[in-house]
Amino acid sequence: MASDALTEWNGSRRRRIKLIWEFRDKAPLPWQERQADMLLITRMAAEFQGFARDLHGEAAEFLTLGATSGNQALASVLRVGIAAGRTLNSRNATSGTLATDFSRIGMIFWPAIKTQDPVSGPV
């Protein structure tokens with residue numbers, strides 16, 4: 001099953017970032033390019049945070065469905081508990097917030113990421 005978060009990242013989120021890149025590339029003056037850079041950085045951070053939050057939600061849903069064997073009441077309680085206090089809802093997607101939020105579903109985030117991409121890791 002494909003991840004909805006990844007599909008959106010590769011689709012609409014990528015298109016929104018690309019539009020700003022195109023705008024930046026057309027900036028005729030240095031000050032306009034700098035302004036476009038700031039806009040681009042802000043947009044990329046926002047889109048990545050949205051992707052991370054969506055991905056966390058999908059992972060929580062997968063865990064919830066697997067752990068509750070169809071018990072909808074229990075699934076609801078577990079789903080709410082996992083999302084309660086999620087830092088990605090109110091803070092930037094930093095290495096710390098990613099690690100904290102994904103640890104709530106049992107994922108040791110950076111070691112798991114490094115198994116997929118050894119050069120990845122917190123900055």
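Every number here is computed from the coordinates shown, using simple stated rules; none is lab data. Note that the coordinates shown come from a computational prediction; the quantities given were computed from them, not determined experimentally. Glycine gets a Cβ as well: all are built from the backbone with ideal geometry, and neighbour counts include every protein chain shown.
At a glance:
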| item | result |
| --- | --- |
| Student exercise, the chain dipole from Lys, Arg, Asp, Glu Cβ charges, in Debye to nearest 20 | 220 debye |
| Structure-derived Cα extents along the principal axes in Å: which label, when the choices are (i) 43, 30, 21; (ii) 59, 27, 27; (iii) 38, 36, 22 | (ii) |
| Sequence-separation-based contact order of the stretch 1-91, relative, with Cα cut under 8 Å and 6+ spacing, percent | 29 percent |
| Cα centroid of the stretch 78-123 to Cα centroid of the stretch 6-52, whole Å | 23 Å |
| Top of Phe48, Phe102, Phe23 by mean-square fluctuation, Gaussian network on the chain, Cα under 10 Å | Phe23 |
| Farthest positive-ward along the chain dipole, Cα basis, beta-carbon charges - from Ala93, Gln32, Trp21 | Gln32 |
